[in-house]
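Novice: The structure under discussion is supplied below as structure tokens; questions concerning it will follow.
Bear in mind that the values in this text are calculations on the coordinates, not laboratory data. Since the model is a prediction, treat every value here as computed from it, not as a measurement. Reconstructed Cβ throughout: ideal geometry from the backbone, glycine too, with neighbour counts over all protein chains shown.
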Amino acid sequence: MFVNRVLSGMRPTGALHLGHYHGVLKNWVKLQHEYECLYFVADWHALTTHYDTPEVVEQNVWEMVIDWLACGVDPAQSTLFIQSRVPEHAELHLLLSMVTPLGWLERIPTYKDQQEKLVDRDLATYGFLGYPLLQGADILIYRANLVPVGEDQVPHIEFTREVARRFNHVFGREEGFEQKAEAAIKKLGAKRARLYRQLRTRFLEKGDADALAAARELVEEAQNLPLGDRERLFGYIEGGGKVILSEPKALLTDASKMPGLDGQKMSKSYNNTIGLREDAEAIAGKIRTMPTDPARVKRSDPGTPEKCPVWQFHLVYSDEKRRQWVQEGCRGAKIGCLECKQPVIDAVLEEQKPIRERAQRYLDDPTLVRSIIADGCEKARKQAQETLREVKQVMGLNYS
Ligand code: TRP
Ligand code: SF4
């Protein structure tokens, strides 16, 4: 039976904050009730950018798992594991690399973007170029069909689909498929045969979607060909034959509505975060000192909530009635900013109460987390090994 399998990973590069909770983890928790879910710590992916500070990765792995558990990710429903403890990911990554055109990796936008953004790091490495292929291996090895990710990761999922298609094309052919397809091309007539070959090459080597569409159209129009031959020609453009690796879909997570303390998106690099398990007093202090509408210099100056980051917090945490209280109080200079912030402080701390409580169990007994991960790794490995066995079979590696 076909099951929807969800897989997602997170890089252990820093302490998690409210942005992760509202943007990612709440969604993970929801999905685990609907699908079979696998969630993992992408420690190898973290090393592609943090290879010169391995202590960062080391410190954040277990803390991150505790954060997941604290937010309600349930090991009884989801499989939780660490990437590097399922070495099959690396083996599949290597095997996939044999059929992955360099150009496909070079033109993925994150490759150049991140190199330009993270100027203080040398990312002209083999490992960093291969980042999306490792991600592809993470996904394909579990035959996951749904991958919850943010917008920026969509090209990686698209790329993974292309790799799967190409793999199936190269290694999933029917007996004699290639010869049959080649014979069918000849039946197209010299001119159309040449065009078909050109388009096919353009698609296979550069992933050119227009070439794929044009080639399909060409086959569509070759009405005089026997149906079997047309089917082969369709398949031959991009694969055909057996599907060994299945193509995943991105499950787009809504952009997090969670603002940072300064009104920009909450992010470690903007230094505007509220940690998931940060000390309650520290959080209250951060909110009390966060900027407000600059027009409100004195208590008696009216303000505009839309120009104030605190208002954005009210949009996340307050009901209609309290929002109205803010709107009227601010515009009419009837409330002070500290007064306005107090319900936000209360709401954030209230939200974190169960998170803190759940985390405490794991902080008190670290062996609990270790055993959850050990179980998860074992379960994940079994599934990964199954896929890898088939991959090795079709790649001619199962000789004795
Ligand atoms: N690249 C992802 C990110 O930066 C993390 C990740 C690694 C991932 N492997 C994955 C996400 C597989 C989904 C599926 O957020
Ligand atoms: Fe911002 Fe509230 Fe102060 Fe208005 S009253 S400026 S919304 S903190």
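Novice: Rounded, prolate or oblate: which fits the chain, taking a ≥ b ≥ c as square roots of the Cα gyration tensor eigenvalues, rounded meaning a/c under 1.5, else prolate when a/b beats b/c? Show your work: numbers first, answer last.
Specialist: Working: a/c = 2.67, a/b = 1.88, b/c = 1.42.
Cα axes put the chain in the prolate bin.
Novice: Work out the length of the dipole vector of the chain about its Cα centre, built from +1 on the beta-carbon of each Lys and Arg and -1 on the beta-carbon of each Asp and Glu, and round it to the nearest 20 debye.
Specialist: On the way: 55 positive and 57 negative charges, 187 e Å.
Result for the chain is approximately 900 debye, rounded to the nearest 20.
Novice: Moving on to the next point. Relative to the compact globular guide of 2.2 N^0.38 Å, what is the alpha carbon radius of gyration of region 9-120, as a ratio? It would help to have the intermediate numbers written out before the result.
Specialist: On the way: Rg = 15.8 Å, N = 112, 2.2 N^0.38 = 13.2 Å.
My calculation over the Cα atoms of region 9-120 gives 1.20.
Novice: For the chain, give the share of DSSP beta bridges that are antiparallel, in percent and rounded to the nearest 5; count only bridges with both residues there. Present the calculation step by step, with values, prior to reporting the outcome.
Specialist: Numbers: 2 of 18 bridges.
Looking only at bridges with both residues in the chain, the antiparallel portion is about 10 percent.
Novice: Looking at the chain as a GNM with Cα springs under 10 Å, which of Pro87, Pro155, Pro294 has the largest mean-square fluctuation?
Specialist: Of Pro87, Pro155, Pro294, the most mobile in the Gaussian network model is Pro294.
Novice: Could you pull out every residue, at least 5 positions away or on a different chain, whose amide H is within less than 5 Å of the one on Cys37? Hs are placed 1.01 Å off N in the peptide plane, and Pro or chain starts have none.
Specialist: Counting only residues 5 or more places away or on other chains, the set is Val6, Thr79.
Novice: Which of the lysines could a cross-linker span from Lys321 if the Cα-Cα distance has to be under 30 Å and same-chain partners fewer than 8 positions apart are dropped?
Specialist: Qualifying lysines at Cα under 30 Å: Lys26, Lys30, Lys257, Lys265, Lys286, Lys298, Lys307, Lys334, Lys341, Lys353.
Novice: Anyone know which of Gly172, Gly189, Gly23 comes out most mobile in the 10 Å Cα GNM of the chain?
Specialist: Result: Gly189 has the largest fluctuation of those listed.
Novice: Which aspartates and glutamates have a Cα lying under 14 Å from the Cα of Lys186, excluding residues fewer than 8 positions away in the same chain?
Specialist: Glu178, Asp229
Novice: Now for a separate question. What shape does region 277-364 have by the C-alpha gyration tensor, where a ≥ b ≥ c are the square roots of the eigenvalues, rounded means a/c under 1.5, and otherwise prolate means a/b greater than b/c and oblate the rest?
Specialist: Details: a/c = 3.35, a/b = 2.18, b/c = 1.53.
Since a/c reaches 1.5 and a/b is larger than b/c, the shape of region 277-364 is classed as prolate.
Novice: With θ set to phi - 60°, apply the Karplus curve 6.51 cos²θ - 1.76 cosθ + 1.60 along region 320-334 and write out the HN-Hα couplings as whole Hz, x wherever there is a Gly or Pro.
Specialist: Calculated HN-Hα couplings, in order: 4, 5, 6, 4, 5, 4, 5, 4, 5, x, 6, 5, x, 6, 9 Hz.
Novice: Run the helix sum for the chain: -39,500 (n - 2.57) per DSSP H stretch of 4+ residues, divided by residue count, reported at 222 nm to the nearest 500 deg cm²/dmol. Please list the in-between numbers first.
Specialist: Working: 18 runs with 229 residues, N = 400.
About -18000 deg cm²/dmol.
Novice: Here's another thing I want to ask about it. Quick check: the distance between the Cα centres of region 331-357 and region 1-42, to the nearest angstrom?
Specialist: Region 331-357 and region 1-42 have Cα centres spaced 28 Å from each other.
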